[in-house]
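Take a look at the structure set out below.
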Amino acid sequence: MADVGRPKAIPTPEDMAIHFEAYRTECKSKPILVHDFVGKEGRSDEREKERPLTYEGFCNWLYYNNIIKNPEHYFSNLDNRYDEFVEVCTRIKATIRQDHIEGGMAGIYNPSITQRLNGLKEATDVTTNGKDVNAGIIVQSQADKENIEKIQ
């Protein structure tokens, strides 16, 4: 008889999906209150801002709801023990990324932060108009000069 080990804290991919939907519903129903000053007289006011989905937020939600202390094994598929969870974990991360990108594009979230968190950037060549540039190299020693010549 094969040793099956401990039962998983989240037994099925469907359970993981259900937990993520519960996190998403709770997260989106609890906006962040931002203290602001409005008008020329600087009247103190609070505005609601949509709360973004985050991987860390989901992990903390699972922890504080006594579901699992660390779901990282599911998401990293530790030792291929969580193969059946790969698809749902991929969808969860993609849903979080979609929330960041769409929220950033719509101006709901700070676009710079969402770009950085998701590895997005716009590269513009503002100095060379796309042409190769011969940059001068200042060599301070004969050894450096010889090494550079070897590379070229």
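The values are calculated or read from the model by the stated rules, or taken from the named source; none is laboratory data. Because the structure is predicted, anything quoted here is derived from the model rather than measured. Virtual Cβ from ideal backbone geometry, glycine too; neighbours counted across all protein chains shown.
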Can you spot a residue in the range 96-103 that is modelled with pLDDT under 80, assigned to a helix (DSSP H, G or I) and at negative phi? no
Give me the residue from the range 57-69 that is among the polar types (S, T, N, Q) and surrounded by 11 or more Cβ atoms within 10 Å (Cβ to Cβ) and, out of that set, farthest from the chain's Cα centre (by Cα). Asn65
Which residue pairs have Cβ atoms under 8 Å apart, sit 6 or more places apart or on different chains, and have a first residue in the range 62-83 that is farther than 20 Å from Glu14 by Cβ and hydrophobic (A, V, I, L, M, F, W, C) and a second that is modelled with pLDDT under 95 and surrounded by 15 or more Cβ atoms within 10 Å (Cβ to Cβ)? none
Is at least one residue of the range 39-56 of a type in the set (A, V, I, L, M, F, W, C), surrounded by 10 or more Cβ atoms within 10 Å (Cβ to Cβ) and over 22 Å from the mean Cα position of the chain (by Cα)? no
